[in-house]
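All remarks here apply to the structure that follows.
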Amino acid sequence: MTIVVVIIIAAMFVIAISQTVAEKSGIASPIVLLLLGGIVALVPGMPEIEVEPELVLMIILPPLLFSSAVRMPVSDFRRNLLPISVLAFLLVAISAAVIGFVVNRMAPGIGVAACVALGAIVSPTDAVATSIVKEAGVSRRVVTVLEGEGLINDASALVILSSAIGAMASQVSAGRVIVDFLLAVLVAIVVGWLIGHLMIWLRSRTYQPTADTMLSVATPFLAFLPAEHLHGSGLVAAVAAGLVASHHSPRVLTPTQRMSSRNTWNSILLVLESAVFLMMGLELTAIVKDMQSESFGWQLAAGVAAAALVLTLVLRAAIMTPLLRLLSRRSRRHSRRRPRLESVTDRVDAAQDPEDGSMEFRGVTLGADRVARIRTRLRRRISDLDYYIDHPLGPREGAVMIWAGMRGAITLAAAQTLPLDTPHRSFLVFVAFLVAAGSLLLQGSTLGLAVSLLKPAAAEGLDPHEQHEIRVLLRQAAREVPVPPVMRQLLAGADRRTAAGQQGQADQLADSDQQAGADQQAEPAHEDVEADENRVQAAAVALAWRQFAAMRDQPLDRDAERQQPAGPERPSRGSGTEGSGSPDRDTAGAGDQQKAVTSWQHRRRAAEISRNYALKLITTQRDALLDASDDGLFSPEAVSAALDTLDADQLSLEARSVYLD
């Protein structure tokens with residue numbers, strides 16, 4: 001056990017050092033870790049490290065894929081579903097068949113089924129390896145397609161692999177492989193959707209951030225296990241659960257919960273991603289030792305690996321070229337359809353009844369809810385068209401996507417799932433290792449150069465115009481939250497309370513509560529309340545901060561509230577040092593104390609009213625922003641920045657609210 005602890009600690013140090021080396025050298029950290037692991041594995045006397053494939057497939061990959069899905073905007077995934085599906089399913093199937101055929105011609109003694117299994121092993125790209133792509137600064141649509149492909153192409157690869165393994169012992173038809181694949185994906189999607197909604201429901205009722213984080217970490221495993229038990233793809237189930245969490249968590253979870261979960265997952269991701277590539281390098285010794293007893297030579301293994309790696313790129317280019325042409329034609333067609341959709345939207349707006357929101361359509365009255373759904377679909381469709389037009393996938397982006405399709409840990413883990421009695425198993429595992437390592441080293445180390453030479457669309461920063469539109473949206477949402485009458489009274493008397501002193505403030509606050517209860521529609525006469533509604537709202541929010549600051553800076557009044565006189569013998573605060581016990585002085589001291597109590601109580605009441613109003617504003621603005629995000633009106637980066645600002649405001653309010661408790 002001591003050795004295990006020492007190894008874990010050493011791995012932590014290596015991971016931390018690799019991050020520093022990668023930052024200073026400009027080499028992606030996965031490549032640094034792979035090289036470090038390989039160097040350590042070749043040190044004389046270093047014990048063999050052989051990682052169980054179940055550790056990667058069941059422990060490491062589910063949380064990695066889940067966290068990647070959580071960070072992926074659902075709207076972007078939906079918009080790129082066509083290229084993701086083609087690359088994740090069709091490309092994997094074609095690659096497995098073609099690579100299997102070529103390998104069988106180069107090494108005929110292995111068997112057709114085993115060669116197809118090798119083709120399935122080296123076909124899928126790795127979602128973890130796409131972290132190198134993000135560092136290259138390519139556009140977010142390219143990253144979305146590559147991440148989406150890496151999230152779900154393991155399902156098709158593992159289904160083909162299991163079918164090929166079954167074909168080693170008996171005949172398996174192509175129809176059976178297709179049926180198994182469809183069932184595996186369908187079961188995984190259903191299980192992941194159910195588990196994702198169940199866990200979000202539980203987390204929304206768990207208000208402790210630590211407990212919520214534990215539920216978040218458990219979610220990918222809860223989705224993986226039942227999906228595998230039902231013969232589905234556990235990894236796809238984890239991805240489906242992650243997409244559900246990505247869509248619903250901003251609405252139902254508090255900022256504290258999301259911040260705690262995000263920070264925890266960032267640490268988990270760093271450890272797991274780094275461990276994957278470090279373990280690949282450390283396994284080099286065991287793989288080389290197994291190859292010593294193999295009848296096929298090193299030269300043949302290197303040749304097969306090189307051929308497989310070249311074929312993955314050639315086949316990827318062969319599929320990517322017509323796919324890009326299809327997407328280009330769709331973009332041109334979409335650009336022609338946009339004016340028609342705008343015309344339909346204008347007609348719906350003109351036909352909608354301004355009073356009840358209904359609409360007459362071909363003699364049928366459509367209710368307000370149905371009209372709202374129609375308007376939402378039209379807005380979403382127009383925003384989708386704008387996305388396709390503004391973020392095209394041209395030849396430059398396609399070339400980057402071809403070169404960025406790297407293999408990684410899933411390839412090596414899948415190779416180790418081959419049965420022990422598989423013909424030339426050590427040879428197949430070694431070829432898979434060479435393909436994965438060669439892909440990372442060759443493509444990963446030159447991806448930055450390829451991006452600089454090809455000059456594809458770069459990653460978009462925050463657009464000032466888009467940020468302005470978000471601010472306009474938030475202001476419009478804030479106007480829908482009326483300023484409570486009590487809040488208006490507090491604003492109306494703010495200047496007078498300042499001039500009259502603490503006692504005047506207490507009286508004014510008491511009058512405000514009474515008047516709000518008697519007449520909710522009364523209109524204050526103060527000039528601040530008669531100002532523009534936006535100014536009133538801004539003043540109301542500012543008052544919240546002032547009230548909390550007053551409570552924080554004057555704790556003595558709160559002490560006075562707690563320290564009531566115990567009896568007639570107890571000296572008052574105003575009795576001075578002479579200890580005089582005259583009734584007049586004792587009465588005056590008690591009056592001062594009572595004024596302090598009243599002042600504190602009404603400041604607390606004012607702060608509570610201000611806090612509730614400010615929180616309602618933030619909640620309304622967040623809902624409006626998320627609705628716009630669902631419609632695709634703004635980029636994920638702009639929405640994320642605005643949500644972070646709203647979350648920071650809410651966290652600040654909640655932190656100051658401890659004075660109310």
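The values are calculated or read from the model by the stated rules, or taken from the named source; none is laboratory data. A quick note: this is a predicted structure, and the numbers were derived from the prediction, not measured. When we count neighbours, we look across all protein chains shown, and the Cβ atoms used for this are built from the backbone with ideal geometry, even at glycine. Areas reflect the complete protein model, heavy atoms only, side chains present, ligands, DNA and RNA absent. Shrake-Rupley method; radii C 1.70, N 1.55, O 1.52, S 1.80 Å.
All of (1) of a type outside the set (K, R); (2) under 30 Å from I319 (Cβ atoms); (3) out of contact with any Gly (no Cβ under 9 Å at 6 or more places or on another chain) hold for Y387 with one exception: (3). Just the residues that are open to solvent by less than 50 Å² (accessible area, probe 1.4 Å) and touching a His at 6+ places or on another chain (Cβ under 8 Å), please, taken from the range 267-307. Answer for the range 267-307, where residues must be open to solvent by less than 50 Å² (accessible area, probe 1.4 Å) and touching a His at 6+ places or on another chain (Cβ under 8 Å): E294, F296. Being within 27 Å of S162 (Cβ to Cβ), open to solvent by 60 Å² or more (accessible area, probe 1.4 Å) and touching a His at 6+ places or on another chain (Cβ under 9 Å) is not true of L225.
Residue by residue, here is whether (1) under 18 Å from the mean Cα position of the chain (by Cα); (2) part of a helix (DSSP H, G or I); (3) surrounded by 17 or more Cβ atoms within 10 Å (Cβ to Cβ) holds:
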position: V133; (1), (2), (3): yes, yes, yes
position: V142; (1), (2), (3): yes, yes, yes
position: W193; (1), (2), (3): yes, yes, no
position: Y207; (1), (2), (3): no, no, no
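Only one entry of G367, G363, G408 meets the criterion of being under 30 Å from A114 (Cβ atoms) and modelled with pLDDT under 85, and that entry is G408.
Residues of the range 275-316 that are modelled with pLDDT of 90 or more and of a type outside the set (A, V, I, L, M): G303, T312, R316. The residue that is nearest to Q443 (Cα to Cα), counting only those in the range 308-329 that are charged (D, E, K, R) and open to solvent by 50 Å² or more (accessible area, probe 1.4 Å), is R325. Anything in the range 8-30 that is aliphatic (A, V, I, L, M), open to solvent by less than 20 Å² (accessible area, probe 1.4 Å) and part of a helix (DSSP H, G or I)? List them, or say none. Answer for the range 8-30, where residues must be aliphatic (A, V, I, L, M), open to solvent by less than 20 Å² (accessible area, probe 1.4 Å) and part of a helix (DSSP H, G or I): I15, A22. Considering (1) open to solvent by 10 Å² or more (accessible area, probe 1.4 Å); (2) touching a Gly at 6+ places or on another chain (Cβ under 8 Å); (3) farther than 17 Å from I59 by Cβ, the lone condition that L230 does not fulfil carries the number (2). Confirm whether A450 is among the aliphatic types (A, V, I, L, M) and at pLDDT 85 or above. Here the answer is yes, as A450 does meet what is asked.
State whether one or more residues within the range 622-630 are farther than 22 Å from P73 by Cβ, open to solvent by 30 Å² or more (accessible area, probe 1.4 Å) and either at pLDDT 75 or above or not polar (S, T, N, Q) (or both). Among the residues of the range 622-630, not one is farther than 22 Å from P73 by Cβ, open to solvent by 30 Å² or more (accessible area, probe 1.4 Å) and either at pLDDT 75 or above or not polar (S, T, N, Q) (or both), which makes the answer no.
Among the criteria (1) under 23 Å from S335 (Cα atoms); (2) assigned to a helix (DSSP H, G or I), the one A478 does not fulfil is (1). Considering the range 33-65, the residues that are outside any loop (DSSP other than H, G, I, E, B), β-branched (V, I, T) and over 26 Å from the mean Cα position of the chain (by Cα) include one that is farthest from A436 (Cα to Cα), namely V40.
Look at (1) surrounded by 24 or more Cβ atoms within 10 Å (Cβ to Cβ); (2) outside any loop (DSSP other than H, G, I, E, B); (3) not β-branched (V, I, T) and you find that M168 fails only one, number (1). Filtering the range 337-352 to residues that are of a type in the set (D, E) and open to solvent by 80 Å² or more (accessible area, probe 1.4 Å) leaves only D346.
Annotation: of all residues in the range 85-122 being outside any helix (DSSP H, G or I) and of a type in the set (A, V, I, L, M), the one that is modelled with the lowest pLDDT is I110. The listed residues are R330, R338, R325, R396, and the only one of them that is out of contact with any Gly (no Cβ under 8 Å at 6 or more places or on another chain) and under 23 Å from D627 (Cβ atoms) turns out to be R338.
The residues of the range 454-482 that are at pLDDT below 75 and either of a type outside the set (G, A, S) or under 18 Å from R611 (Cα atoms) (or both), listed by number, are E460, L462. Please go through the range 394-406 and give me each residue that is open to solvent by 10 Å² or more (accessible area, probe 1.4 Å) and closer than 26 Å to L235 by Cβ, ordered by number. Within the range 394-406, I402, W403 meet the criteria. A single entry from V122, V133, V102, V92 fulfils the requirement of being of a type in the set (A, V, I, L, M) and farther than 28 Å from S67 by Cα: V102.
For the range 42-59, does any single residue satisfy the condition of being of a type in the set (A, V, I, L, M) and open to solvent by less than 10 Å² (accessible area, probe 1.4 Å)? No, every residue in the range 42-59 fails to be of a type in the set (A, V, I, L, M) and open to solvent by less than 10 Å² (accessible area, probe 1.4 Å). Of A368, A372, all but one fail to be in contact with a Gly (Cβ under 6 Å, 6 or more places away or on another chain) and either under 21 Å from A624 (Cβ atoms) or exposed (fewer than 11 other Cβ atoms within 10 Å of the Cβ) (or both); the exception is A368. Residues that are closer than 18 Å to I152 by Cα and open to solvent by less than 10 Å² (accessible area, probe 1.4 Å) within the range 209-222 comprise T219, P220, listed in sequence order. Only residues that are open to solvent by 10 Å² or more (accessible area, probe 1.4 Å), among the polar types (S, T, N, Q), over 15 Å from P220 (Cα atoms) and under 18 Å from the mean Cα position of the chain (by Cα) were counted in the range 66-86, giving 1.
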